[in-house]
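Novice: First, the structure itself, so that you have it in front of you.
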């Protein structure tokens, strides 16, 4: 299954997805990496991993419509079954999301619906949360509000700062994102009627990675 990955920065989740794709049972191939940031380190990383990668023409944030037209023009020739946002820092318009509805996944560094948006780790610490984590979800027009697929959790330690907490969360991101993409590639994961479906059933709540680890079922 061909997928396109969108990045804005280092591309650590992109790297995890590309590296896991070498396992034939994962069922997907990263055919293109695109970035809205010409200086994104993840572009060179993707090329080093053997994946075509390029930056879009840089635009001011106000020129979202122009950027999205160029983005669609870069995506469509790849005919991806799935678009994967991996640290892509642009908010996509409702029109763009509608064009690919049900075929865009994102990973967010919190246990959604808690802490949508930015600075999630700092906010979790300031709120004295006992735990935080990451959530893979389908992308809809609502920011970080699409139906959740899978979550992974970590405890917030008394001495954590945003950087230390982010580092532990990121380890789990690299595990759950390839898993969700694998489910999609296998035809097990779908988006329908505004909900996420796995194995023919609506996900009333996201799958918890700890439960998968406990049972050994992926």
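The values are calculated or read from the model by the stated rules, or taken from the named source; none is laboratory data. All values reported here derive from a predicted model rather than from experimental measurement. Cβ sites come from the backbone with ideal geometry, for glycine too, and all protein chains shown count toward neighbours.
Novice: Check 101, 179 and return the single one that is surrounded by 15 or more Cβ atoms within 10 Å (Cβ to Cβ) and part of a loop (DSSP other than H, G, I, E, B).
Specialist: On the way: 179 fails: part of a loop (DSSP other than H, G, I, E, B).
Just one listed residue meets the conditions, 101.
Novice: Could you please tell me which pairs satisfy a Cβ distance under 9 Å, a separation of 6+ or placement on different chains, a first residue in the range 147-164 that is over 30 Å from residue 101 (Cα atoms), and a second residue that is assigned to a loop (DSSP other than H, G, I, E, B)?
Specialist: Pairs that qualify, where the first residue is over 30 Å from residue 101 (Cα atoms) and the partner is assigned to a loop (DSSP other than H, G, I, E, B), are 155/130; 156/128; 156/129; 156/130; 162/119; 164/157.
Novice: From 210, 204, 214, which residue is without any contact (Cβ under 8 Å) to a residue 24 or more places away in the chain, surrounded by fewer than 16 Cβ atoms within 10 Å (Cβ to Cβ) and assigned to a helix (DSSP H, G or I)? Let's see the steps before the verdict.
Specialist: Numbers: 210 fails: without any contact (Cβ under 8 Å) to a residue 24 or more places away in the chain; 204 fails: assigned to a helix (DSSP H, G or I).
Selected residue: 214, the only one of 210, 204, 214 that is without any contact (Cβ under 8 Å) to a residue 24 or more places away in the chain, surrounded by fewer than 16 Cβ atoms within 10 Å (Cβ to Cβ) and assigned to a helix (DSSP H, G or I).
Novice: On to the next question. Given the structure, is residue 15 over 26 Å from residue 194 (Cβ atoms) and outside the structural domain of residue 178 (by TED's automatic domain parsing)?
Specialist: Details: over 26 Å from residue 194 (Cβ atoms): yes; outside the structural domain of residue 178 (by TED's automatic domain parsing): yes.
Spelling it out, residue 15 is indeed over 26 Å from residue 194 (Cβ atoms) and outside the structural domain of residue 178 (by TED's automatic domain parsing).
Novice: Among the numbered conditions (1) out of contact with any strand residue (DSSP E or B) (no Cβ under 7 Å at 6 or more places or on another chain); (2) within 28 Å of residue 182 (Cβ to Cβ); (3) buried (at least 17 other Cβ atoms within 10 Å of the Cβ), tell me where residue 33 comes up short.
Specialist: It fails just one condition, (1).
Novice: Surrounded by fewer than 21 Cβ atoms within 10 Å (Cβ to Cβ), over 29 Å from residue 169 (Cα atoms) and touching a helix residue (DSSP H, G or I) at 6+ places or on another chain (Cβ under 8 Å): does that describe residue 95? Full working, then the answer.
Specialist: Numbers: surrounded by fewer than 21 Cβ atoms within 10 Å (Cβ to Cβ): yes; over 29 Å from residue 169 (Cα atoms): yes; touching a helix residue (DSSP H, G or I) at 6+ places or on another chain (Cβ under 8 Å): yes.
Against the criterion (surrounded by fewer than 21 Cβ atoms within 10 Å (Cβ to Cβ), over 29 Å from residue 169 (Cα atoms) and touching a helix residue (DSSP H, G or I) at 6+ places or on another chain (Cβ under 8 Å)), residue 95 qualifies.
Novice: If we scan the range 70-77, do we find a residue that is at pLDDT 95 or above, under 17 Å from residue 178 (Cα atoms) and not assigned by TED's automatic domain parsing to the domain that holds residue 170?
Specialist: no
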